[in-house]
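Please read the structure below before turning to the comments.
The values are calculated or read from the model by the stated rules, or taken from the named source; none is laboratory data. Since the model is a prediction, treat every value here as computed from it, not as a measurement. So basically every Cβ, Gly included, is an ideal-geometry build from the backbone, and we count neighbours across all protein chains shown. Note: areas computed on protein heavy atoms with side chains; ligands, DNA, RNA excluded. Shrake-Rupley method; radii C 1.70, N 1.55, O 1.52, S 1.80 Å.
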Amino acid sequence: MVRFFLTRGQQLGGAQATEQSLLIMMSRWENSHVEVTDPAYQRLFREFYGRTNEELGFPPEIENQSAEELRERLIIARSIDPATLDMFQRQVNDLRRSDHKFGAVVVLDQLNGLVRQIEDYRTFSVSTRHRERLAAILTDARTLAGWTALDRGSQLQSWQYHEDAKVSAREADSPHLLAHAAAQQAVILLDIGQPAEAVELLEYARYVAENRAPSLLQSWLAAAHGEGLAADGQRDAALRAFDDASSLLPANPVDPEMPFLLLNDGQLVRWRGSSLLRLGDQDAINQLEAAVRGLATPGLNAVRGQTNLYVDLAFAYAAAGDSRGALEYARIARQLASRIKSDRQQRRLANLELPVPRGRSSST
């Protein structure tokens, strides 16, 4: 918030406090020691939170000030051009690359700010062509922010981001963005123990994309559907979905139009192995170990996916009664989860139950 106030305040030519002064003022405002009376700071609060004076507890805006502010925002939105739109997409792509390498800890705050900025431009743009492109970029940013929020353990924030992403995908008139947002949202349902609802949402996602999306996305959606079916205990349907995913995967699984998809043969193996683990299938270890060997492929793996893989292996070896294997993979997974601050995976590891070594009773 302080960074926003400093940058935006300078643009508006109003609030000119230093960073240290702002930190002190924020503390006084938040603790109700001092009221926000300066119209310049009231405006910055309105822009940051997207709320009215009344909602923020300030005196009502003077009507002519409100009209002037609207005119200014419309003028700013009119300044958007194709180069600016390309810049926004590059920013999302750069944050995605950082997320793949370092995890959510370094990108979530930046994504939150970027989403607010793009939302603001879209809200006040009257150009249909620009609004559609802004909505597409916003959908991409929202699904990425939702995914990182889930990794940080905030299911509610993640859900809202995905709900908003589905709305902007419809404005962008993009079935493939809508399908991707819905399928990714289903993972939240799996995390909170609602597999039947997740399957329903995944079926909707595949329906939306049917005959309207590239084969790479069709493959990804089939694999996601397979994971949901496995979580719901539908073994045969899950395996059929993974067979569909393998048959749909293109020879070159890279599509510059869908940078949010990271999928190849190795990752399908990992996904299938994770689903076999959900089904209690003994072949899960073989599939997951094969996926570990596939990590050597450069540029096609994200640190979050690697962490998930090692957590799955810890659970697979524990289920097989191999405490040594479970401990080794749990150690690697903990290191990665701690490094990227993945609350989601750390929570999973906290529920890992190691098998009782042979020769000892369960009470030992």
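Compute the Rg/Rh shape ratio of region 78-173: radius of gyration over Kirkwood radius, all on alpha-carbon atoms.
0.97
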query = Cα centroids of region 20-92 and region 313-350: how far apart, whole angstrom?
reply = 44 Å
query = Which order do H33, H225, H162, H176 take when ranked by solvent-accessible area (1.4 Å probe, heavy atoms of all protein chains), largest first?
reply = H33, H176, H225, H162
task = Pop out the carbon and sulfur fraction of the accessible area of the chain as a percent, whole number, probe 1.4 Å.
result = 49 percent
ask   = Does region 1-56 come out rounded, prolate or oblate by the C-alpha gyration tensor, with a ≥ b ≥ c the root eigenvalues, rounded set by a/c under 1.5 and, if not, prolate when a/b is larger than b/c and oblate if not?
value = oblate
ask   = Looking at region 221-309, which GluC sites (Glu not before Pro) are DSSP coil and have at most 14 other C-beta atoms within 10 Å of their C-beta?
value = E257
remark   = Subtracting the Cα-Cα distance of Q282 and E171 from 0.36 nm times their residue separation yields 35.4 nm
ask   = Which whole-number value in Å² is the accessible area per residue of region 78-173, probe 1.4 Å?
value = 45 Å²
ask   = Just the accessible area for M25, please: 1.4 Å probe, Å², rounded to the nearest 10?
value = 50 Å²
note = Computed over all unlike Cα pairs, the Kirkwood hydrodynamic radius of region 280-352 in Å stands at 12.3 Å
ask   = In square nanometres, what is the average projected area of the Cα convex hull of the chain?
value = 22.2 nm²
remark   = With all protein chains present and a 1.4 Å probe, the order of I285, I340 from largest accessible area down is I285, I340
Distance (nanometres) between label positions extended 7 Å along Cα→Cβ at R8 and W29 = 1.0 nm
remark   = With L262 itself left out, Lys, Arg at +1 and Asp, Glu at -1 over residues whose Cβ is under 13 Å from its Cβ give +2
